[in-house]
Structure formats: structure tokens, C-alpha cells
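Asker: Right, I'll just put the structure down here and ask away after.
A short reminder: the numbers here are calculations on the coordinates, not readings from a lab. Being a predicted model, the structure only gives us computed values, none of them experimental. Cβ atoms come from the backbone with ideal geometry, glycine included; neighbour counts cover every protein chain shown.
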Amino acid sequence: MFIVCVHVRVKPDCVEAFKQASLANASNSVKEPGIARFDVLQQQDDSTRFVLVEVYRTPADPARHKETDHYKTWRGAVESMMAEPRSAVKYDNVYPDDPGWG
């Protein structure tokens, strides 16, 4: 598995719109064959901070994801909602070896 955690801080007046756009993207993303899991997390003590946890089957799958219509729609919709540029950290799965996702 190949995991990408995307950290996002949105403008306070855009929290609900960002959540709706991100949920639409996530619900379509999990239908992609290369995505094992796609979580949208909101920080408890700061509702403007989110983490998108994207679990891909191979390192090539994130590029395929970025070519989908739902990703392009999400990116265009949320760009002006962000209080700062989003950042991503990439991880390799260590345990479990086969998490059984998807």
C-alpha cells in the first residue's frame, strides 16, 4: 500500500463547503480500482483543519486519481477555500502487511 496524507487548512467561512466537496470526491474516489481507502478527517480542536488519508494500491495510482473528473472538480472547487496551500506527506504501509482494505 502507498499512503498519502494531505493536510489542509480552510478559511473559517468555507468549512462546510469544503467538507461537502471533499465528501463528494472521497465517495467517488473509493470507486477507483487503485484506491483501497479514502478518509476525510476533521481536527477536533480546530474545525478549519483537515487531513485526507488516501490509501492507494500502488505508487502509480495517485497519478491516475489526479486524472479523474471528480478529483479535478474537487481541486477547482476547493482551491479558493484554502487558507494556505495544502501539503502532502507520503507513507509506505508497514503493518499490517495486508490490511484487507477494499
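Asker: Restricting to DSSP H runs of at least four residues, report the calculated mean residue ellipticity at 222 nm for the chain, -39500 (n - 2.57) per run over all residues, nearest 500 deg cm²/dmol.
Answerer: Per the formula, -8500 deg cm²/dmol.
Asker: So, in nm, how far is label E79 from label V53 when the simple model puts each one 7 Å beyond its Cα toward the Cβ?
Answerer: With each label placed 7 Å out from Cα toward Cβ, I get 3.0 nm.
Asker: So if a site counts as exposed when it's one of the trypsin sites (Lys or Arg not before Pro), its DSSP state isn't H, G, I, E or B, and it has at most 13 other Cβ atoms within 10 Å, what's the longest stretch of the chain without one?
Answerer: It runs 67-102.
Asker: Note the full-extension length gain between D92 and D46 as 0.36 nm times their separation in residues minus their Cα-Cα distance, in nm to one decimal.
Answerer: That pair, D92 and D46, stretches by 13.8 nm at full extension.
Asker: Sort largest first and round to whole Å: the equivalent ellipsoid semi-axes of the chain, each the square root of five times a Cα gyration tensor eigenvalue.
Answerer: Semi-axes, largest first: 23, 15, 11 Å.
Asker: Select from the stretch 3-80 those GluC sites (Glu not before Pro) which occupy a DSSP coil region and have at most 13 other Cβ atoms within 10 Å, ordered by residue number.
Answerer: E67
Asker: How large is the dipole of the chain about the Cα centre if only Lys and Arg carry +1 and Asp and Glu carry -1, each at its Cβ, rounded to the nearest 20 debye?
Answerer: I would put it at about 220 debye.
Asker: Could you check the simple spin-label distance between E67 and A17, using points 7 Å along Cα→Cβ, in nm with one decimal?
Answerer: Going by the 7 Å Cα→Cβ label model, 3.1 nm.
Asker: I would also like to ask the following. Under 23 Å Cα to Cα from K66, which lysines show up? Leave out anything in the same chain fewer than 8 places away.
Answerer: Once the sequence-local lysines are set aside, what remains near K66 is K19, K31, K90.
Asker: Moving to a separate point now. What residues have an amide H closer than 5 Å to that of R37, excluding those fewer than 5 places away on the same chain, when H is modeled at 1.01 Å from N in the peptide plane?
Answerer: Result for R37 returns V55.
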